[in-house]
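The next block holds one structure in the form of structure tokens; read it before the comments.
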Amino acid sequence: MNTSIRDLIDSRARINATDTFLIDPVNGDVTTYAQAQKIIASIALYINNRGVRPQTSVAYAMHNGPDTALCVLGIIYGGFRATAINLVAGNDTIAYVLEHSECSLVFTNRESEDLVKQARANLSGIEIEILDIDALPEADPSHIAQHSLTAESDGLLMYTSGTTGRPKGVVLSHRSLLAGGHNTALGHELTDADRALCVLPLYHINGLCVTLFGPLVSGGSVILPVRFSTGKFWAWAAANDCTWFSIVPTQLSYLLHASDDAVPLPAGHKIRFGRSASAPLSPEVHQAFEQKFDIPIVETMGLTETAAQILSNPMPPGLRKIGSPGVAVGDEVMIADKQQHSVAAGVEGELLVKGDNVMSRYLKNPDATKEAITSGGWFRTGDLGKMDADGYVFITGRLKELIIKGGENIAPREIDEALYRHPDVIEAAAFALNCKQYGQRVEAAVMLAEQSSTDAVALLKLCESIVGKFKTPDCIHVMPELPKGPSGKIQRIRLAELFESKLTNDAP
């Protein structure tokens, strides 16, 4: 039985030695499991020879590609804590992560090296070596003095988006990472014949645990382009025999609204399902996508703190409930009241999770860890939801995102879904702004399809017809694009900050 990521990689190199593991869709390069293990062990040896202490942070700051996947696995394989650098987080946040994680070595490539150097320049008195992965010298890993590993050893350090303050460092053990890959493979019935298209960044938990560790656990393959592209998505999938993909709702919406002539879905493709996670999927987008492309979309839910997937709808022909991220797969979930006691079916409460996939701790933050993980081992997600009699969970909102207008709780997702009913709405998000009369008021922002003739007035009328006048936004802002985090999740709090700041600046 595999007790660490190293055990898993070594077993794949023995059992699936000549099978394809990684594919570069741009140049067609293929890496087998045996080849991957040799490169991974070589990276581990290099880190070890630099004198890096085991169970300390070694960072990676790279866009996607086979080299990035091998680098991340090499860090973990060597007994070090792979520390993800979010390339779109901004200078201050990257500098904070480098300092807070006590990182001494960062792997980059040519595209990201300058970004890390700029962040490092913000730090004083800290020695951080930056190494271009392409310049890594060849090494013979056969004599590596491997640091001992257990299931509880630190494997990954990934920082939350920090929308309500400084990002928290989530520490995931080898046990958690194995469980994250296992839960994905179990929920989606993955086998060694499956091939994933990974277009989400490997510095995000969805891209890493779902589309890298899921195939690693099941012995499958991963197609790794640099980044998501609406124009190339279907061509990559067809040319490389993709059988499944994992994307976020905004990407589903982009593919749905793209021109048929520009991005045709090739005939004879092998895609058996698509997977949606990282944010609630609008039922309107879900149904429209399946109708247009005839590819079932399996809605799921996961968090950084749970090594990604905690819930998933069953695979076809199982019952997929539109609007629900599904049932627990590989872990336990509970809808709880404020005392963390389970509530009856249909009653709203906080979603709690328990299982091997749950994080070890927040790095250097015992108070936040104690607040997040109950004495019974349940992780508090901060998400509000209900569970039906069949065990399907329906998310109704975030505790920190609820809009409280005149003492009444309004879930922003209800307004989102009303806006998504308009066929021209590609992105939508409701949020709260301060209000002297009601305490908070509702506003919303949307991104519209090109050539759309609709406007904010028409969208306000649509909302009023669906959610009523009280919940209808006071204002709808049409934007070229809504602010998003690295996973593609729209940031409501950022929207509120943008428009609250605008109101302050515009005030006489």
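Some notes on this structure:
- Rounded to 10°, Cα long-axis angle of helix 492-506 versus longest principal axis of the chain: 60 degrees
- Here the translational diffusion coefficient of the chain follows from Stokes-Einstein with Rh set to the Kirkwood radius across Cα pairs; for 25 °C and 0.890 mPa s it amounts to 104 µm²/s.
- Estimated FRET transfer efficiency when R0 is 22 angstrom, pair LEU123-ARG53 (beta carbons, to 0.05): 0.65
- Within region 242-301, the proportion of Cα pairs with more than 19 Å between them is 22 percent.
- Summing +1 for each Lys or Arg and -1 for each Asp or Glu among the other residues whose beta-carbon sits under 11 angstrom from that of ASP331 gives -1.
- Available extension along the chain between THR454 and ALA135 is 109.6 nm, counting 0.36 nm per residue and deducting the alpha carbon span.
- Each Lys or Arg adds one and each Asp or Glu subtracts one; over the other residues with Cβ under 12 Å from the Cβ of GLU127, this totals -1.
- Estimated FRET transfer efficiency when R0 is 22 angstrom, pair MET1-GLU189 (beta carbons, to 0.05): 0.55
- Amide hydrogen neighbours beyond the local backbone of ARG361, cut-off 5 Å, H modeled: VAL171
- Normalised contact order of region 129-236, rounded percent, pairs of Cα under 8 Å and 6 or more residues apart: 21 percent
- Zero-based 10 Å bins, Cα pair distances in region 309-440, whole percents: 11, 33, 34, 19, 3, 0
- Long-range Cα-Cα pairs in region 143-293 (distance over 21 Å), rounded percent: 51 percent
- Local electrostatic count, VAL248, Cβ distance below 12 Å [Lys/Arg +1, Asp/Glu -1]: +1
- Annotation: amide H of TRP244 within the under-5 Å range of ARG195, LEU197, ARG272, sequence separation 5 or more or interchain, hydrogens built in the peptide plane.
- Qualifying trypsin sites (Lys or Arg not before Pro) in region 238-305, DSSP loop, other Cβ atoms within 10 Å at most 16: LYS270, ARG272
- Computed over region 351-504, the percent of Cα pairs more than 19 Å apart is 62.
- Put simply, the C-alpha atoms of region 9-98 give a gyration tensor, and the ellipsoid matching it has half-axes of 25, 18, 9 Å, longest first.
- Backbone N under 14 Å from the GLU99 label point (7 Å along Cα→Cβ), restricted to region 73-92: 91-92
- Relative contact order (%) - criterion: Cα under 8 Å, at least six apart; region: region 158-312: 24 percent
- The phi torsions of region 44-50, fed into the Karplus equation with coefficients 6.51, -1.76 and 1.60 and a -60° offset, translate into couplings of 4, 4, 4, 4, 4, 5, 7 Hz, rounded to whole numbers, with Gly and Pro shown as x.
- Net lengthening on full extension, LYS270/ILE322 (0.36 nm per residue, minus Cα-Cα): 16.3 nm
- Between the amide H of GLY382 and those of LEU351, distances stay under 5 Å, these residues lying 5 or more places away or on another chain, with hydrogens modeled in the peptide plane.
- Based on every Cα atom in region 81-129, Rg and the maximum pairwise Cα distance Dmax equal 9.7, 26 Å.
- Backbone N atoms of region 459-477 closer than 20 Å to the 7 Å Cα→Cβ label point of GLU408 belong to residues 460-476.
- Protein heavy-atom accessible surface, 1.4 Å probe, per residue over the chain: 41 Å².
- Inter-site label distance for LYS461 and ASP114 at 7 Å from Cα along Cβ, in nm: 4.9 nm
- Karplus-derived 3J(HN,Hα) values for region 427-434, using 6.51 cos²θ - 1.76 cosθ + 1.60 with θ = phi - 60°, are 10, 8, 7, 8, 7, 9, 10, 5 Hz; glycine and proline are entered as x.
- Sites count as exposed loop sites when they are GluC sites (Glu not before Pro), lie in a DSSP loop, and have at most 12 other Cβ atoms within 10 angstrom; the longest stretch of the chain without one is 139-449.
The values are calculated or read from the model by the stated rules, or taken from the named source; none is laboratory data. Everything numeric here is computed off the predicted structure, so don't read it as measured data. Glycine gets a Cβ as well: all are built from the backbone with ideal geometry, and neighbour counts include every protein chain shown. Accessible surface areas use protein heavy atoms only, side chains included; no ligands, DNA or RNA. Shrake-Rupley method; radii C 1.70, N 1.55, O 1.52, S 1.80 Å.
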